[in-house]
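To start, the structure itself, in structure tokens.
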Amino acid sequence: MKRLSSRRTCKGCGYTAGPDTDACPRCGGEMYQRDDDKPETIQKRLDTYQNQTAPLIDYYSPRRASSSRSTATARWTRSTLT
Ligand SMILES: [Zn+2]
């Protein structure tokens, strides 16, 4: 997400690079953020993505799995220590 929103393109040769690149490594030209990588565009893309796939991802999310696992671990630890 972050990587997408901050990707830059060289004005001179069109080379694309990461957010930390201020000058094109290929031709030394100025880097700019492409229109379709602007936050608004990405937000729109994410909204669509969320509407379509978020419920599924949330259901199978690792966070959900790990939180139930850590609860089990906490219970186990407590009963072992006492
Ligand atoms: Zn360049």
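Local charge for G29 was computed over the other residues whose Cβ lies under 12 Å away, with Lys and Arg +1 and Asp and Glu -1, and equals +1. For the peptides 19-27, 7-15, residues were scored by their other Cβ atoms within 10 Å and the scores averaged per peptide; the highest-first order is 7-15, 19-27.
All of the numbers you see were taken from the coordinates with simple rules; none came from a lab. Everything numeric in this text was worked out from a predicted model, so none of it was measured. Virtual Cβ from ideal backbone geometry, glycine too; neighbours counted across all protein chains shown.
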